[in-house]
Amino acid sequence: MKKTLIIITHPDIDNSVINKKWLEELEKFPDKFTIHQLHKVYPDQKFDILAEQKLVEEHDHIIFQFPYYWYYGPALLKKWLDEVLTHGWAYGSKSIFAFRAKKVALAITLGLKEEHLQRGTPLKFNLKDLTTPYEALFDWVKADYQPLFAYYGMTFEPSEEWVERSVPLYLDFLDRFNPVTQQ
């Protein structure tokens with residue numbers, strides 16, 4: 001069975017609500033998911049580039065899980081993308097295009113409600129607009145970029161029931177993303 005690589009980037013996972021809950025649920029399925037927490041593996045933020053590239057090469061399905069704030073993901077995710085997606089490995093005229101045909105998607109949590117992120121609202125943009133840089137990046141490296149999963153409203157509905165409601169939605173998204181793991 002081909003496992004899905006989940007690259008989790010959260011600067012404070014221990015105090016997280018949703019991302020921590022998702023992590024706990026993912027850990028129940030080690031046969032389906034390879035969990036890779038960037039802040040835990042690299043507290044000094046110094047990547048082992050070859051190890052990171054090897055991890056990507058070993059998986060055909062990759063999820064980037066993170067909280068979305070200030071109109072982007074955590075700084076360590078940007079640093080990972082900048083440093084791991086090297087010329088010749090991920091892109092370039094003589095590249096091996098290591099992401100070629102790998103299914104890639106985002107799984108993000110947001111404090112805002114979904115209706116706040118719509119064109120015509122004071123924030124002006126919807127989530128698809130705001131995540132276009134990720135889509136463009138993964139298109140550039142020839143990945144098979146898939147629609148994202150978003151769970152909204154952390155700022156407004158942090159009840160235990162609301163958090164629990166997110167779990168089956170996320171797990172269902174992951175099963176649809178990599179149907180092989182359902183077997």
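Read-outs: derived from the displayed coordinates by stated rules, not from any lab. Since the structure is predicted, the reported quantities are computational estimates derived from the model, not experimental observations. We place every Cβ from the backbone using ideal geometry, glycine too, and count neighbours over all the protein chains shown.
Can you list the residues, at least 5 places off or on another chain, whose amide H is less than 5 Å from the amide H of I8, using H built in the peptide plane?
Close amide H contacts, sequence-distant or interchain: H36, Q37, L38, Q65.
Full-extension gain between R119 and I96, please, as 0.36 nm times their residue separation minus the C-alpha to C-alpha distance. Mind showing how you got there, number by number?
Details: separation 23, 0.36 × 23 = 8.28 nm, distance 3.85 nm.
This chain segment gains 4.4 nm when fully extended.
With Cβ to Cβ distances under 11 Å as the rule, what net charge do the other residues near L117 carry (K, R +1; D, E -1)?
Summing Lys/Arg as +1 and Asp/Glu as -1 gives +1.
Quick one: what do you get for the chain if you divide its Cα Rg by 2.2 N^0.38 Å? List each step's numbers first, then the result.
Working: Rg = 16.2 Å, N = 183, 2.2 N^0.38 = 15.9 Å.
Working it through for the chain, the quotient is 1.02.
Along the charge dipole of the chain, Cβ charges K/R +1 and D/E -1, which of A136, W80, A150 sits furthest on the positive end?
Working it through, the farthest residue towards the positive pole turns out to be A136.
Based on the alpha-carbon gyration tensor of region 59-104, what equivalent-ellipsoid semi-axes (square roots of 5 times the eigenvalues) come out, in whole Å, largest first? Show your work: numbers first, answer last.
Details: eigenvalues 103, 39, 10 Å².
In descending order, the three semi-axes are 23, 14, 7 Å.
Report the gain in length on full extension from W162 to K128: 0.36 nm times residue separation, minus Cα-Cα distance, nm rounded to one decimal. Could you put the intermediate results ahead of the total?
On the way: separation 34, 0.36 × 34 = 12.24 nm, distance 2.33 nm.
Contour length minus Cα-Cα distance gives 9.9 nm.
First select every other residue whose beta carbon is under 12 angstrom from the beta carbon of V167; then total the charges, Lys and Arg +1, Asp and Glu -1.
On the way: positive: K20, K21, K28, R165; negative: E24, E25, E160, E161, E164, D172.
After counting each charged neighbour, the total is -2.
What does the charge count near K128 come to, summing +1 for each Lys or Arg and -1 for each Asp or Glu among other residues with Cβ under 12 Å from its Cβ? Don't jump to the answer; show the numbers that get you there.
Numbers: positive: R119; negative: E114, D129, E135.
Its environment carries a net charge of -2.
Just how many % of Cα pairs in region 1-101 lie over 18 Å apart, if you round to the nearest whole percent?
Details: 2500 of 5050 pairs.
For region 1-101, the fraction of Cα-Cα distances above 18 Å is 50 percent.
Using θ = phi - 60° and the Karplus form 6.51 cos²θ - 1.76 cosθ + 1.60, what ³J(HN,Hα) does each residue of region 168-176 get, whole Hz, x for Gly and Pro?
Result, rounded to whole Hz: x, 5, 5, 4, 5, 4, 5, 5, 6.
Can you compute the modelled spin-label distance between E58 and W70, with each label point 7 Å from Cα toward Cβ, in nm?
3.3
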